[in-house]
Amino acid sequence: MATIQQLFGELERHVKREEHDKVLTISDKILKLAPKDKDALHCKAITLIRLERYSDALSILNRQLEGKFVFEKAYCLYRTNQLSDGALLIENKRKELQASGAGQLPWDLRHLEAQMLYRMERYQECIELYAEMLKDTPKTDDSYNDILTNFNACKAAVLYTGETPDDRWQIEDVTNTTYELSFNSACARISKGDYNQALKLLEEAKELCRKTLSEYDEVEIEQELAIIVVQTAYVYQLLGRIEQARELYHSVLKAKALEVTVPAVAANNLVTIQKEDDLFDSSKKIKTATTKALGVKFFSSQKRAIAMNELLLSLYQNKFVACRDSARQLLKSQPENDALYLILAATMHKQKKTAKALEDLKEYAEARPESVAIQFAIVQLELMQGQDYTAAIESLTRFLKRLPKEEQHRPGYVALLVWLYDQAGQGEKGVDVLSEASAVWTNSSKGSKAMPSTLLRQTAAFKLRSHRYKEAAKDYEELVRSDPSDPASIAGLIMAYSEFEPALAEKYGASLPEMRSALALDVEALEKVVPGLKREYVSTENTSAGGGGLSGRRPLGAGSRPRRTGARKSKKRKPLLPKSFNASNPGTPDPERWLPKRDRAAARLARTRKTGAGSRRDMGKGPQGVNMEGGGIGGTGSARIAGREHIAPAPIAEATPTKAEEVVDVASVAKAKSASSNANKKKKGKGKSKW
């Protein structure tokens, strides 16, 4: 039996050769002899990690090596998606080192902690950690660009979530360094809405990727390029260049051996492009983005977007029960997502159960009284259900009273309420709402805020339509004072003054800008045109001698068509006659002219000649050889005609072999044919890329 020393020697030999299965076998033999040998346990745990058996490795590290090998244990927690436990383990190690005065965490633990924070979407803490690591790393170090790449990825992720990054971490484009840095800079530009600059950076990343991986195989290069191509297609989609985006997404889905998240994102985005078109294809593609393997790889925002697309697809396919059940299940984890409540109401409304949808929305509004989306959906359904403006006004007024006072008079809310009052025929109340909003913003303008010009312009326009010209003039005067070059405000002021102070209207008329591209218009002709009449006619007094002062119409211009007088004459339709009809010699009409052609005598005779007895159709019919002398098959005389002699069968000829040169080699012909067909096929160009 081998001793422990001999087993350790054999273990070292297998470790150097990276024979992991044999390492496990030898480690187990050692642990049978010495169950608490830390070196054997550590060796077995590391081997399990290399074999990606993280749970087995974690069980050894937790039970038999408790308190030691923190990095290995944290790494196993990270790979098994136990991110909170892993981050807590590293944080406890940091506190322990600080208490003992041993300094900072080791480099590997700091890097692993940053990765965990990024996966947990704690981006601000991650940025702080990477910033410290950049300070401690010289720029000439090989790991500097890797840290900088992750640092920029965190900043781009902060912008994607809608948060504002700290002023210390300004977003700057890092170009012509590595393709990863260019890609992350492009992502930051996308989150800012600068799509054209993002496209330039993505093209740069593509070129750098090809240059960096020039020694690799084309398949491996395309695997790296796939994520850049998907991001480029996403930018095209945001810019409205749908066909280019669709083409790139399809090219990614056709590629092989890609990382699972890349085709999943492409498939999800294709579903959003197709919308209600080709729902069967969309249902197949959405399955690519909803596999269980992707659950731990996507971030929460990505999971939410894919789940919403899946719900909308079910709604488009009229799968109301599945859509409703999935939405309720998602509400348990996303109770703040207003879109889920709207989808639940949409399932009822699409089944023509608008009253039930409205009832459900009101229940949701009680649960989420601050939700603007739910409240506006209630107003919309009340308008769709018989144009009930009164109910819509009550719902909106009730919602506005729940809001803080500074939020109740926002321009959007005021505009909607005024429109509802206007549609309900309660214009006076609409004016009161506008006056109240104007007073609130005027009082608040004494402080830091100023009254929005959009609200003041809406107020003035509504007062002008309501024939409150003096009040409208005051509002337009304030708008002109704030911006004397605004032609819309000047025009409104002139319209208001023209109703009660024409002199002031003429005074402000000189302030209107001149028409730079004025057309040569006939003012007199324009004044004579009456709206609603045809272009060539105008109403005028008939001053002709015989008119007698009666009101009539006259044509405009010399080329106009004169007015028709009297009753309209009915046109008689010409009778239908045969093509060969001669009016001077009509002859005797065909008595069968009223019958369809198929029923006439000529047609019946033609059919008899073609298909009757003795016609050509019967020639050659019957069994084989029926028309041959002697009849029968093979001349056997089985169908003898009266008095005919029996024809003896011909003697069977002796089979003679053909010459060797005349024998056809079927295999060689088939081989030659396949060779020629392969020669005609287009060969794939080696190294040629679709991207």
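No value in this document is a laboratory result; all are computed from the given coordinates. Source: prediction; values computed, not measured. Virtual Cβ from ideal backbone geometry, glycine too; neighbours counted across all protein chains shown.
Ordered from longest to shortest, the equivalent ellipsoid semi-axes for segment 164-288 are 26, 20, 12 Å, each the square root of 5 times a Cα gyration tensor eigenvalue. Checking the cross-link pairs Lys284/Lys332; Lys285/Lys352; Lys139/Lys254; Lys68/Lys297; Lys303/Lys401; Lys44/Lys303 against a 32 Å limit on the alpha carbon distance flags Lys139/Lys254; Lys303/Lys401; Lys44/Lys303 as lying beyond it. The separation of segment 22-81 from segment 391-442, counted between C-alpha centres, amounts to 68 Å.
Just check segment 327-387 against the gyration tensor rule for me: Cα atoms, a ≥ b ≥ c as the square roots of the eigenvalues, rounded for a/c under 1.5, and otherwise prolate or oblate depending on whether a/b exceeds b/c. Oblate is the answer for segment 327-387, as a/c is 1.5 or above yet b/c matches or exceeds a/b. Straight-line reach from Lys405: taking Cα to Cα under 19 Å and skipping same-chain neighbours fewer than 8 places apart, the aspartates and glutamates in range are Glu370, Glu394, Asp432, Glu436. Label positions at Tyr469 and Asp281, each projected 7 Å from the Cα along the C-beta direction, are separated by 6.2 nm.
Put in order of Cβ neighbour count within 10 Å, fewest first, the listed residues Asp217, Asp56, Asp522 become Asp522, Asp217, Asp56. A straight chain from Glu91 to Asp108 at 0.36 nm per residue would run longer than the Cα-Cα distance by 4.8 nm.
Only aspartates and glutamates eight or more places from Lys350 in sequence, or on another chain, were considered; those with a Cα closer than 20 Å are Glu276, Asp277, Asp278, Glu310, Asp325, Asp338, Glu359, Asp360, Glu363, Glu382, Asp388.
Using a ≥ b ≥ c from the Cα gyration tensor of segment 18-87 (square roots of the eigenvalues), is it rounded, prolate or oblate, where a/c under 1.5 gives rounded and otherwise the larger of a/b and b/c decides, a/b for prolate? It comes out oblate by the Cα gyration axes. Distances between every pair of Cα atoms in segment 29-133, grouped in 5 Å steps from 0 to the bin holding the largest one, split as 2, 12, 21, 21, 18, 12, 8, 3, 1, 1, 0 percent. Computed 3J(HN,Hα) for segment 482-493, one whole-Hz value per residue from the Karplus formula 6.51 cos²θ - 1.76 cosθ + 1.60 where θ = phi - 60°, is 6, 8, x, 8, 7, x, 5, 5, 5, 5, x, 5, glycine and proline marked x. Available extension along the chain between Ala439 and Thr290 is 48.3 nm, counting 0.36 nm per residue and deducting the alpha carbon span. Working from label points 7 Å from Cα in the Cα-to-Cβ sense, the Glu394 to Ala525 distance is 5.7 nm. Each Lys and Arg contributes +1 and each Asp and Glu -1, all at the Cβ; summed about the Cα centre of segment 337-403, the dipole is approximately 100 debye.
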